[in-house]
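Any read-out appearing in this document is the output of simple, stated calculations on the displayed coordinates, not a laboratory observation. Treat the numbers as computed from the prediction; the structure is a model and nothing was measured. Methodologically, a virtual Cβ is constructed for each residue, glycine included, from the backbone with ideal geometry; neighbour enumeration extends over all protein chains shown.
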Amino acid sequence: HNNITRAQDIINELNGTLNMDQGGEIAVVLRDLYVYMENKLFESNIRKEIEGVQEVIDRLSTLQEGWSEMLEQETAVA
């Protein structure tokens, strides 16, 4: 329960840091994804189901891989 709540807090913080004015379409897509993941964690916590939690973990892992790849490309160019 505490870990799910902490994950929700982290996702909420990520959502809150989005710059919707300058972020364009990517900010909208990320906001939708963050809201979806928060809802999925909430439902999983209420229903005591691990599947939703695992889905969020998988999605966050994919996001993290994408950000890491972008940073590597940025570093290679600089």
**Request:** State whether one or more residues within segment 57-77 are without any contact (Cβ under 8 Å) to a residue 24 or more places away in the chain, among the hydroxyl-bearing types (Ser, Thr, Tyr) and surrounded by 12 or more Cβ atoms within 10 Å (Cβ to Cβ).
**Result:** no
**Request:** Would you mind finding the one in ASN2, ASN39, ASN15 that is exposed (fewer than 12 other Cβ atoms within 10 Å of the Cβ) and either out of contact with any strand residue (DSSP E or B) (no Cβ under 6 Å at 6 or more places or on another chain) or under 20 Å from SER61 (Cβ atoms) (or both)?
**Result:** ASN2
**Prompt:** Mind checking which residues of segment 29-64 are in contact with a Gly (Cβ under 6 Å, 6 or more places away or on another chain) and under 14 Å from ASP9 (Cα atoms)?
**Reply:** LYS40
